[in-house]
Structures are given as structure tokens and as C-alpha cells.
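Comments concern the structure below.
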């Protein structure tokens, strides 16, 4: 399934390395997302109760689904060194960009990116660095509103299979709440997405939570983010 963010996001290329791609929005939101991650995984070991058991082990294994350009994963890795990140992407141009960011930033706790079609069974793409029920942390940023609902289903199925008990899934993006999209800028954004592709559009937190429950995940926290986005934090129950 062709899943790409190029159709609606402004893209720039770093002149020093033609493989490195910049999403200006990724630079704008990376600090806010890092702040949420730092509530659960701090370099000094202080964590919230939801991550207490997960964070006892070092290193922490993390899988990012749909890593995009690599801006986020290398930034997070540089600030939380006890997490070893496994980035993934569907778009092979982005995989090149991720590799270029790893090289350019010099981070040592980010593994080479893997190719993932999240609509396919976990067993078809699971990297050798992970096994079922082994992952401490999964992260997904700005995917489910610009892809068919099957991607949200696949993401939750993957989290249900890969996360260990009390492992955490973080999902970031614009969402509706109890069937209501707000503010008006998000209504306009949703309309624009659906005009580009009828299978796209803002997803409702209630529907996402239902998917989570079906895959042994419990919604732990909803964090309001800048620019009318949200971060959902789920905890694996079994």
C-alpha cells in the first residue's frame, strides 16, 4: 500500500546532502513531542508511574512506525540516550533520508531504517532487533489521518503484538474528539485531506481507543499539543 506524506507536506532538501529531506512541520513539533516522551523516559531515569517497570531495563527498545525524514528519531535519540531506536518507513526516499540524518547527526542509538508496510502482518516485516512482546516503546507521528483506516488497524495490531506488558504506544497528530472536529482550522484541514483522498481524514479518539482495546492496549493519557494536535499514550495490558 502506497503511504506517503509528500502529497500534502511542504518538503525542503538540505543542500549539503541531497538525501536529507526537511519537513518544516517536523522541526516545529519535535520539541513538543520530546517533552511528552521525557515525561516517561528521562535521561536521569525519572519516569512516570506508567513507564516505571518499562524503564527499569536498559537500554529501552523503541520502534518508530512511519519515521518520515528521520528528523524526529535522530532528535529524540540525541536527547534520551538510554533509548535505542528502530526507525521504519514505507517510502524508500525517506529511508535514504533517515540514513543520512543518522550519519549527519552522529547518533549511535538509532539503528538502520527498515522497510515496513504497516498494513501487512507483523511477522512479515519484524526486524531481527525485535521479537514478539519485546518492545518497550512504539511511536507514530502524523500517519493515520493521511492514510487509509487499514493503517490505523495495522498500527494497533503491531503494537498489540510487539509491545511487552506495560509497554507504551505514543500517537501524535490532529484528531477529532467524540465526533467533533475543532477548531475551524482542523475542519478545513480535514476537508482538504478528504478532497485529496477519500480514505484520508482526521480520526476520532473514540475510534482509535476502540482499536486499542481490541489489541490489549489501554488509553492512559491524552495530551493537548501545539497547533491543535494531540498525543495519545497507550499502555499494553498483557
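The values are calculated or read from the model by the stated rules, or taken from the named source; none is laboratory data. If you're wondering where the values come from, they're calculated on a predicted model, not measured in any experiment. Positions of Cβ are generated from backbone atoms using ideal geometry, with glycine treated the same way; all protein chains shown enter the neighbour counts.
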- line: Those residues of region 198-212 that are surrounded by 14 or more Cβ atoms within 10 Å (Cβ to Cβ) and in contact with a helix residue (DSSP H, G or I) (Cβ under 9 Å, 6 or more places away or on another chain) come to a total of 8
query: residue 4 fails exactly one of the following numbered conditions: (1) modelled with pLDDT under 65; (2) surrounded by 13 or more Cβ atoms within 10 Å (Cβ to Cβ); (3) touching a helix residue (DSSP H, G or I) at 6+ places or on another chain (Cβ under 7 Å). What is the number of that condition?
result: (3)
field: Single residue of 199, 195 found to be at pLDDT 95 or above and part of a loop (DSSP other than H, G, I, E, B)
entry: 199
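Okay, residues lined up against (1) under 26 Å from residue 226 (Cα atoms); (2) surrounded by fewer than 22 Cβ atoms within 10 Å (Cβ to Cβ):
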| site | (1), (2) |
| --- | --- |
| 127 | no, yes |
| 139 | yes, no |
| 144 | yes, no |
| 148 | yes, yes |
| 157 | no, yes |
| 162 | no, no |
| 166 | no, yes |
| 175 | yes, no |
| 178 | yes, yes |
- request: Could you check, for region 52-62, whether at least one of its residues is closer than 23 Å to residue 96 by Cβ, surrounded by 13 or more Cβ atoms within 10 Å (Cβ to Cβ), in contact with a strand residue (DSSP E or B) (Cβ under 9 Å, 6 or more places away or on another chain) and modelled with pLDDT of 95 or more?
  value: yes
